[in-house]
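Peer 1: One structure is given below, represented as C-alpha cells, and several questions about it will come after.
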Amino acid sequence: MEYIYASLLLKTAGKEISEENVRRVLEAAGVDVDEVRVKALVAALSKIDIDRVLSTALTLPSAPAAAPAAPSPQPAEEKKAEEEKKEEVSEEDLSAGLSSLFG
C-alpha cells in the first residue's frame, strides 16, 4: 500500500509520478524500495486516469448508520452471498487492477 500512497502523495502535490519520484518518497518514509514494484506501479498508473478514479471513489455513497435490524425472511447464507457479491463489484471498481500488482 505504501507504493500507492506514495503515488497519491505525488499526485496531490502536483508532481510527476515517475520511478525516481516514487523511489524518493518511499525512501523518505523509511521503506525498503523494491524496484520491480516501483516500475510496475508507474507503468500501471500511466494507463489510468487517476483524477477519474479518485472522483469515482469520492462519490461512492456511504452506508447510513444502521438501525436495529428486524428479523429478515432471508436465510443467513443468502445474505452472506449477496454481501460478498456487492463487495466484489465495489472492490473491482476501486482497485482498477492495481490490487493484483501488490496483493
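Derivation of every value follows stated rules applied to the coordinates shown; laboratory data play no part. Only a predicted model underlies this, so the values are computations on that prediction, with no experimental measurement involved. A quick note on method: Cβ atoms are made from the backbone with ideal geometry, for glycine too, and the neighbour counts reach across all protein chains shown.
Peer 1: With +1 assigned to the C-beta of every Lys and Arg and -1 to the C-beta of every Asp and Glu, and no other charges, what is the dipole magnitude of the stretch 1-61 about the Cα centre in debye, to the nearest 20?
Peer 2: With only Lys, Arg, Asp and Glu charged at Cβ, the dipole is about 200 debye.
Peer 1: If I model a spin label at residue 16 and residue 39 as a point 7 Å from the Cα along the Cα→Cβ vector, what separation in nanometres do I get?
Peer 2: 1.9 nm
Peer 1: What length, rounded to one decimal in nm, is gained on full extension from residue 28 through to residue 58, with 0.36 nm per residue of separation minus their alpha-carbon distance?
Peer 2: Extra length from residue 28 to residue 58 when fully extended: 8.0 nm.
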